[in-house]
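Asks: Attaching a single structure in structure tokens format; questions to follow.
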Amino acid sequence: MINNELSDKQIKIYNKIFESFTRGDYEPRIIYSSSEDMREIESSSIQLIVTSPPYNVGKNYGVYNDSKSKKNYLDYLDAIWVECKRVLCKGGRLTINVANLDRKPYKSLSSDITLRLIENFGFLMRGEIIWDKGSSVGVSTAWGSWRSASNPTLRDVHEHILIFSKDSWKLESDNFITSISSKEFCKYTQSVWDMRAVNGKKNWHPAPFPLELPKRLIQLYTYVNDVVLDPFLGSGSTCAAAKGLARKSIGYEIDQSYQELIESQLSDIIDLAFSYEDLKFNGKKLEERLGAIV
């Protein structure tokens, strides 16, 4: 009987969420300007930030200069982290996908960003996910000295996803419905994620990440109706994932030439990415809150 009652509530609430989805309530807000100034966003209003900044390796991003000095590059990121901290709610999460660079010498961009976020901005580091791209990165022959101890070189087939919280480990949100299944939760809380990379040439963006990456982070770290932000929106994957998961979202993109690509990604999301069976209800006075929805 209890299970039947729960299923009935799950179905009713799922239908309410789907009505909101079809009404367009989860269409993102895209702002074509630099995220160094996010005046459009109220302070403490964002539950999750999912992003991947440019790596400063000279890629052609159009209007953005990806060949700064190391100091200028990290100072540029700092200006954006200031805004990220301002807009995050207490316990809100900042998740950053980065890769380390070069070999002579090796440049640990993940370490540079981590140290500054902890020491300069007081973020709490929750952990780090290794994104194992495996065979999807192609066959690299940059192995240095072939079959010789002279100078063999490691070939990266992974990137990093750095996870931080603002001021508290626990998320403060008025929402209370999660959409992550038990199987997904067990999988996503592991520190190594096996996901195929996206071909930038096919995607028409020099450095896209797969839709699966923001989807997992959104499922793990937010409730339905929470707000997700990407200050480096690029091809639009974060906002597309948020839309399919019934989260509101905001994206900043400095180059408006990506508008068509972003809109194409969003138009591909025509249904919710979870079922009623995945819904779980959390929080105090749960019956009262569910009653207000149903």
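Asks: Can you work out which of the residues in segment 210-247 that are in a helix (DSSP H, G or I) and among the charged types (D, E, K, R) is farthest from Tyr14 (Cα to Cα)?
Replies: That would be Glu212.
Asks: Still on this structure, I have one more. For segment 69-91, what are the residues that are among the β-branched types (Val, Ile, Thr) and either farther than 23 Å from Ser165 by Cβ or in contact (Cβ under 8 Å) with a residue 40 or more places away in the chain (or both)?
Replies: Ile80, Val87
Asks: Confirm whether Met125 is in contact with an Asp or Glu (Cβ under 6 Å, 6 or more places away or on another chain) and at pLDDT 90 or above.
Replies: Spelling it out, it is not the case that Met125 is in contact with an Asp or Glu (Cβ under 6 Å, 6 or more places away or on another chain) and at pLDDT 90 or above.
Asks: Here's a follow-up. Can you list residue pairs whose Cβ atoms sit under 7 Å apart, with the first residue in segment 14-31 being closer than 22 Å to Ile180 by Cβ and touching a residue at least 12 places away in the same chain (Cβ under 8 Å) and the second being assigned to a helix (DSSP H, G or I) and among the basic types (Lys, Arg)? Count only pairs 6 or more apart in sequence or on different chains.
Replies: Close Cβ pairs (under 7 Å, with a partner that is assigned to a helix (DSSP H, G or I) and among the basic types (Lys, Arg)) amount to Tyr26/Lys243; Pro28/Lys243.
Asks: For segment 92-105, how many residues meet the condition of being over 15 Å from Leu229 (Cβ atoms) and not hydrophobic (A, V, I, L, M, F, W, C)?
Replies: Residues flagged as over 15 Å from Leu229 (Cβ atoms) and not hydrophobic (A, V, I, L, M, F, W, C) within segment 92-105 amount to 5.
Asks: When you scan segment 248-281, how many residues do you find that are under 22 Å from Ser181 (Cβ atoms) and either part of a loop (DSSP other than H, G, I, E, B) or acidic (Asp, Glu) (or both)?
Replies: So the answer is 10.
Asks: Same structure, new question: Among Ile180, Ile270, which is among the aliphatic types (A, V, I, L, M), surrounded by 17 or more Cβ atoms within 10 Å (Cβ to Cβ) and at pLDDT 95 or above?
Replies: Checking each option against the conditions leaves just Ile180.
The values are calculated or read from the model by the stated rules, or taken from the named source; none is laboratory data. Keep in mind the model is a prediction, meaning the values are calculated, not measured. Here the Cβ is made from the backbone with ideal geometry for all residues, glycine too, and neighbour counts use every protein chain on show.
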